[in-house]
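Right, one structure below, let's go through it.
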Amino acid sequence: MKEKLKVLTENDIEKLEKEDSLTENDVQELLRVTQVDSEISEVIAEITQDEERRRKWDEYYMKIACLAALRSKDPSTPVGACIADTKTHQIVGIGYNSMPYVKGRNNDKIFSWKGSKAEGIPYHEKKYNYVVHAAVSAVLNKTRESIEGCTIYLTHFPDKDCVHAIIKAGIREVVYCMYTRHEEREEKEDMIVGKEILERTAVKYRRMENIGGELKNRIEQEIKPQYKKNKNKWPTEPVQGYITWEKFFMKIAELSKERSNHNPQYKVGACVVSPKKQVLAVGYNAYPEDMIHDETEDEEKDNKESNYISHAEYKAILGISPSVEGCTLYVTKYPCHMCAQVIVQSGIREVIYDKPGEWDKDSYISSRKTLAACLGDDKIIDISYEKKLDSKISKECQTQSIVKDQATFRTCTYIIAIIFFKFLFIIFVCVTIKSICKF
């Protein structure tokens, strides 16, 4: 664009010079203005690019917060949180609203999920004095000593208690959506107080438009209709359909994979999880951060440039300071031989993958041997098999349901037929008796 503008300007100047309508000073001034305009255009383009980049990262972190909310058992207000270091693009804390952890016991049997609509129940028996909020949980689950200067992404605006935890942790920005059954929830007193505290402590906050997904569907299709139908009778039991840890961590790896700008065949995402179920790091296939490279649509050159790509496992395992010994690696594709070396040397104890490798290639033959010998076959889990199994079980359940419905229909038809014939028989008997009586 800049070169085209330069050529156009030079042609205009030559034309004007031939017409003797332009002085030397005019030429210099025109060139200066053109250069300034070009520089302004470049700055605007750079700002636009930065805004687009930030928007994509915002969506990524918010989707992870939404995933976290799907772990919540709260029957009325599931909330998720994700704390991110926006400079290194690492996740440093994840949380969702839950009851206090009770070692070796089921906390759902100890604490109640009864809400404000539960009548005849003392306030101290309701959930509000017991539930650990998502923002507080995320701060407590931080994966490094300091999260000062980080950004927290929430699926619900924080109330005053959450705000106190956010400020104490040194978080400098709050990004939130409002996934809630109450459209006016943001205007309640505890929300207003939370906003005032944030403003007085110079902590930024901004609202994102809802980005959809499973959380939105759960609230719009399940919670809201139930609330409108039974305003005076609210569910007191914990949600049973929350997502499992395995699905949660693999979905984070899948979301991370989509951060890659490469050919789909090179897209891989990874997620390192501690024994305490903390997300220590995420990674995806990409060029090294400081590497200068030329983007190309040439497939042959693109294949050659794949040699310069840092693998997702490398970025996740080597890009963090804490030890990953004893951790689990969730990865969207079976690791290659180089990644297998890093995995076993780092102390990763288990690998869970979603897509098989090219088993006939030397790289994957070597990686399978390395991982099997060092970790054991029982520590290398193909989650895609479990997905197929779940799908098979679901289909079998649907088939059984259809068969059961058909059997029920046949039974009902049989009963109706018997009743009908009995009714006809009674009419026949009555008519016969009436005829006999006439004689």
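Only the coordinates and a few stated rules stand behind these numbers; no lab work does. Values in this document were obtained by computation on a predicted structure and should not be read as measured data. Quick reminder, even Gly has a Cβ in these numbers, built from the backbone with ideal geometry, and neighbours come from all protein chains shown.
Overview of values
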quantity	calculated
Order of 374, 336, 430 - criterion: other Cβ atoms within 10 Å of each residue's Cβ, fewest first	430, 374, 336
Ranked packing of 413-426, 101-114, most packed first, by mean Cβ within 10 Å	101-114, 413-426
Ordering of 169-179, 154-164 by packing [mean C-beta count within 10 Å, highest first]	154-164, 169-179
Packing-based order for 358-367, 88-97, using average beta carbon neighbours within 10 Å, highest first	88-97, 358-367
Net length gained if the chain between residue 433 and residue 102 were fully extended (0.36 nm per residue, minus Cα distance)	111.5 nm
Violating pairs (Cα-Cα greater than 27 angstrom) within the set 63/369; 73/160; 56/369; 87/204	63/369; 56/369
